[in-house]
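To keep things clear, I will list the structure first and then write my remarks on it.
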Amino acid sequence: MATQGPRVLVMGSGGIGGTVAAHLAEQGADVRAVSRNPAVVAAAAAHGLCVVGEGGGRTVRVRVVPEVPTDEGPYDYVLLATQPTDVEAAAAQAAPYLAVDGRVVCFQNGLCEARVGALVGDPGRVVGGIVAWGATMIEPGVYDKTSSGGFVLGRYDGAEDAGLDVLATLLESIGPVQRTTNLAGARWSKLALNCAVSSLGTLNGTALGQVIRSRRARRLALEIMTEAVAVARRAGVRLEKVSGTLDLDWMALSDVEREASGSVSLASKHAMVLAVGTRYRRLYSSMLRALDAGKAPSVDFLNGEIVAWGRRHEVHTPVNAAITDAIWRLHRGEATAGRALLLEVFEATR
């Protein structure tokens with residue numbers, strides 16, 4: 001039976017893309033998902049996409065193809081769920097098949113909307129989709145939703161957009177959807193958090209829960225976020241709370257806290273980092289998965305982005321610079337992930 005729902009093209013069928021594709025198809029959307037992994041294409045053809053973990057435990061029929069179908073457009077929504085390193089190529093492939101009044105949604109971490117806007121040619125058609133939950137593909141076509149949460153949706157140009165109403169309703173099947181006219185503030189807050197969460201797991205070579213119990217790891221997380229907040233402030237960005245609760249302005253260390261050996265406020269911030277780490281304890285960084293697969297990590301879109309913006313605005317970012325360097329050393333085989341590498345970065349940036 002043909003579906004009457006909106007036409008959706010999902011670029012990327014990893015943890016986020018596969019989970020989103022399955023949920024949207026289940027809600028009646030006409031979904032096509034693109035995967036460069038032949039095993040995912042074959043698994044979807046054989047039995048559909050399976051979602052387990054948080055709110056999961058079912059299989060949904062979704063057509064997954066190795067490249068964008070050239071005879072099935074136009075699409076109402078193009079959802080970019082690739083790694084940041086592939087976002088521009090994915091946007092360029094999908095843009096010709098976007099409906100005249102369609103929207104392109106960036107689900108990547110980092111600040112990808114400007115790059116995609118340049119390719120699409122109209123910033124008003126580009127939407128940021130900030131993902132506040134985690135998922136991983138545990139085998140081809142099988143997705144483990146590792147933490148709960150929802151989305152923040154906002155246009156790159158900050159305008160209100162009724163064209164997102166249908167998409168927001170579909171995404172509610174995964175988690176609550178918040179709309180924003182301050183995408184930059186929401187993006188920068190999430191970027192600051194992801195720079196800590198993703199990099200620490202990558203350096204340690206484990207899921208986040210195994211590293212965040214270390215006080216030194218938590219201090220690194222606070223230093224990473226503090227630099228990111230300083231850059232955002234200098235760039236004139238008004239930060240938003242992550243998931244409506246985590247205040248990055250408050251999390252940033254003051255000069256006094258950086259110098260003190262201990263204080264009530266510093267202990268409170270360590271406790272908050274521990275709480276965030278506990279929530280995402282099963283998160284296995286996509287950068288770490290990329291390294292495991294011999295692929296380039298997306299660190300230049302995370303910690304490296306903070307370094308680049310810091311240089312532009314004359315803000316010193318030595319911790320993010322050291323982490324960026326360490327993760328590239330992992331990629332080149334010049335270092336080994338583990339506690340020793342984490343402590344090396346900690347000591348080098350004290």
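The values are calculated or read from the model by the stated rules, or taken from the named source; none is laboratory data. Worth saying up front: this structure is predicted, and the values here are computed from it rather than measured. Ideal geometry is used to build each Cβ from the backbone, glycine not excepted, and the neighbour counts take in all protein chains shown.
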**Request:** Could you please give the count of residues in the stretch 230-250 that are free of Cβ contacts under 8 Å to residues at least 40 places away in the same chain and either more than 30 Å from residue 181 (Cβ to Cβ) or outside any loop (DSSP other than H, G, I, E, B) (or both)?
**Result:** 3
**Asked** Is it fair to say residue 319 is assigned by TED's automatic domain parsing to the domain that holds residue 198, without any contact (Cβ under 8 Å) to a residue 40 or more places away in the chain and either under 13 Å from residue 192 (Cα atoms) or of a type outside the set (Ser, Thr, Tyr) (or both)?
**Response** no
**Asked** Out of curiosity, is residue 36 touching a Cys at 6+ places or on another chain (Cβ under 8 Å) and assigned by TED's automatic domain parsing to the domain that holds residue 148?
**Response** no
**Request:** Determine whether residue 294 is without any contact (Cβ under 8 Å) to a residue 12 or more places away in the chain and either touching a helix residue (DSSP H, G or I) at 6+ places or on another chain (Cβ under 7 Å) or surrounded by fewer than 18 Cβ atoms within 10 Å (Cβ to Cβ) (or both).
**Result:** yes
**Request:** Looking for whichever is under 23 Å from the mean Cα position of the chain (by Cα), of a type in the set (A, V, I, L, M, F, W, C) and surrounded by fewer than 17 Cβ atoms within 10 Å (Cβ to Cβ) here; the options are 33, 89, 39. Which one fits?
**Result:** 89
**Request:** Could you list, in sequence order, all residues of the stretch 277-309 that are among the aliphatic types (A, V, I, L, M), assigned to a helix (DSSP H, G or I) and closer than 22 Å to residue 231 by Cα?
**Result:** 299, 306, 307, 308
**Request:** Output the number of residues of the stretch 143-196 satisfying the condition of being free of Cβ contacts under 8 Å to residues at least 24 places away in the same chain and outside the structural domain of residue 131 (by TED's automatic domain parsing).
**Result:** 0
**Request:** For residues that are touching a residue at least 24 places away in the same chain (Cβ under 8 Å) and either crowded, with 20+ Cβ neighbours inside 10 Å or farther than 17 Å from residue 195 by Cβ (or both), tally how many sit in the stretch 259-278.
**Result:** 7
**Prompt:** in contact with a helix residue (DSSP H, G or I) (Cβ under 9 Å, 6 or more places away or on another chain) and either touching a residue at least 24 places away in the same chain (Cβ under 8 Å) or part of a helix (DSSP H, G or I) (or both): does that describe residue 337?
**Reply:** yes
**Message:** Take the conditions surrounded by 18 or more Cβ atoms within 10 Å (Cβ to Cβ), of a type in the set (Asp, Glu) and within 30 Å of residue 54 (Cβ to Cβ) and apply them to residue 227. Does it pass?
**Reply:** no
